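Structure record follows, encoded as structure tokens.
The values are calculated or read from the model by the stated rules, or taken from the named source; none is laboratory data. The structure presented is a predicted model; accordingly, all values stated were derived computationally and were not measured. So basically every Cβ, Gly included, is an ideal-geometry build from the backbone, and we count neighbours across all protein chains shown. With ligands, DNA and RNA removed, areas are computed over all heavy atoms of the protein, side chains included. Shrake-Rupley method; radii C 1.70, N 1.55, O 1.52, S 1.80 Å.
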Amino acid sequence: MIKTEICSLLNIKYPILQGGMAWIATGELAAAVSNAGGLGIIGSGNAPAEIIKKEILKIKNSTDKPFALNVMLLSPFVDEIIELIYEEKVPIVSFGAGNPSKYIKKLKKNNIKVIPIVPSVALAKRMENSGADAVIVEGTEAGGHIGETTTMALVPQVVDAVKIPVIAAGGIADGRGFISALALGAQGVQMGTIFVCSKECTVHNNYKNAIIKAGDRSTSISGKTTGHPVRMIKNKLYREFIKLERVGVPIEELEKLGEGSLRKACVEGDVDTGTVMAGQISGIVKEIKTVKDIIDGIIEESYKVIKKVNKIVG
Ligand code: TUI
């Protein structure tokens with residue numbers, strides 16, 4: 001039995017969370033993850049509340065298990081998304097791309113579990129002091145908007161610095177990564193890329209296939225100069241972006257190039273001039289499976305990994 005504090009905190013069978021990826025983590029995907037024993041998380045990204053409300057209704061109609069909503073703090077619609085959380089009685093909230101301190105007290109008063117995503121020890125400590133229930137520690141291996149430190153280096157440092165449970169994210173997609181995260185002191189994992197390549201994920205097939213085709217060096221980071229570094233699969237848009245960054249075009253011009261580009265890849269399937277956010281672990285994702293097969297496979301592999309390590313350690 002693989003049970004941790006995260007299972008009792010969130011009332012889930014396995015300490016496995018699915019990242020709340022913008023345009024990708026819809027009600028369908030999140031419901032499949034929650035039904036398979038993990039925690040499904042709807043990604044609100046830059047979408048207004050009326051759009052996200054539909055995703056919440058979808059998940060409520062497809063599962064009676066706990067689910068969460070990710071609030072992307074760079075969104076212009078953050079305040080209306082927070083209101084929607086109260087209105088729809090969303091039980092668990094994760095935050096990304098910023099510091100959610102000012103929202104935590106009221107969420108806690110309303111019995112909502114709060115799990116911020118942090119890229120540093122300093123922010124993890126601040127979240128603990130603000131009343132967060134747990135933190136998701138995301139390494140630079142992750143897809144999308146990222147920090148600088150690797151999962152391997154950051155997780156144990158945060159584990160030593162806070163008392164609340166830590167969930168590891170970035171570079172995890174199988175039983176080996178899952179058990180490694182537990183060995184670093186994490187109480188659970190969050191995974192994104194592997195769930196993009198699930199049957200239930202509604203993203204365009206071209207997006208899934210771009211990940212399946214990817215190898216260990218297929219992703220890189222754009223936006224280092226704009227203050228919003230984003231890991232994505234290297235394509236035509238990435239090369240154009242990097243070229244413009246190098247010659248130092250104004251940030252507004254770079255932002256214009258990126259505008260609507262995630263939707264273009266996710267919805268229209270344009271994986272050449274759209275943004276294909278994916279993690280460094282893309283290279284081990286080789287096929288499209290059901291969410292249940294992904295989660296059951298990771299748990300099954302975990303027992304084998306532990307046996308292997310036991311043989312070594314004796
Ligand atoms: O949020 C993510 N990943 C994302 S958000 C996103 S949408 C987007 N698109 C274009 C540009 C920017 C965003 C795509 N992927 N992961 C969680 C995460 N949070 N990673 C890093 C952070 C983070 C960074 C800085 C969290 C807090 C933070 O604090 C800054 C502060 O104010 O202290």
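The simple spin-label model puts a point 7 Å past each Cα toward its Cβ; for Asn209 and Asn11 those points are separated by 4.2 nm. Taking a ≥ b ≥ c as the square roots of the eigenvalues of the alpha carbon gyration tensor, segment 85-228 is prolate, as a/c is not under 1.5 and a/b beats b/c. Just the protein heavy atoms count here, and of the accessible area of the chain at 1.4 Å, carbon and sulfur take up 52 percent.
Normalised by 2.2 N^0.38 Å, where N counts its residues, the alpha-carbon radius of gyration of the chain equals 0.94.
Relative contact order of the chain, taken over Cα pairs closer than 8 Å and 6 or more residues apart, is 16 percent.
Computed over Cα pairs, the Kirkwood radius of segment 260-314 leads via Stokes-Einstein (0.692 mPa s, 37 °C) to a diffusion coefficient of 231 µm² per second. Here each label is just a point 7 Å from Cα along the line to Cβ, and for Lys163 and Leu244 those points are 4.9 nm apart. Within the chain, DSSP assigns beta bridges of which about 20% are antiparallel (rounded to the nearest 5). Mean Kyte-Doolittle hydropathy of 0.0 or higher plus an axial Cα length of 18 Å or more: which whole DSSP H helices in the chain meet both? Going by DSSP H runs, the hits are 291-313.
Which pairs, out of Lys13/Lys289; Lys53/Lys113; Lys125/Lys234; Lys53/Lys108, put more than 24 Å between their alpha-carbon atoms? From Lys13/Lys289; Lys53/Lys113; Lys125/Lys234; Lys53/Lys108, over 24 Å: Lys125/Lys234.
Packing, taken as the mean count of other beta carbons within 10 Å per residue, orders the peptides 48-60, 134-146 from highest to lowest as 134-146, 48-60.
Summary of packing: across the peptides 212-224, 270-282, the per-residue average of other C-beta atoms within 10 Å ranks them, highest first, as 270-282, 212-224.
Computed over the chain, the per-residue total of -39500 (n - 2.57) for DSSP H runs of n ≥ 4 gives a 222 nm mean residue ellipticity of -12500 deg cm²/dmol, rounded to 500.
What share of all Cα pairs of segment 196-314, in percent, falls into each consecutive 10 Å distance bin? The percentages, shortest bin first, are 13, 35, 27, 15, 8, 2.
What FRET efficiency comes out for Lys106 versus Lys53 if R0 is 22 angstrom and r is the Cβ-Cβ distance? Round to the nearest 0.05. Step by step, r from the Cβ atoms, then E = 0.65.
Approximating the spin labels as points 7 Å out from Cα along Cα→Cβ, the Ile284-to-Tyr303 distance works out to 2.0 nm. Residues in the chain average 46 Å² of solvent-accessible surface per residue, probe 1.4 Å, ligands and nucleic acids excluded.
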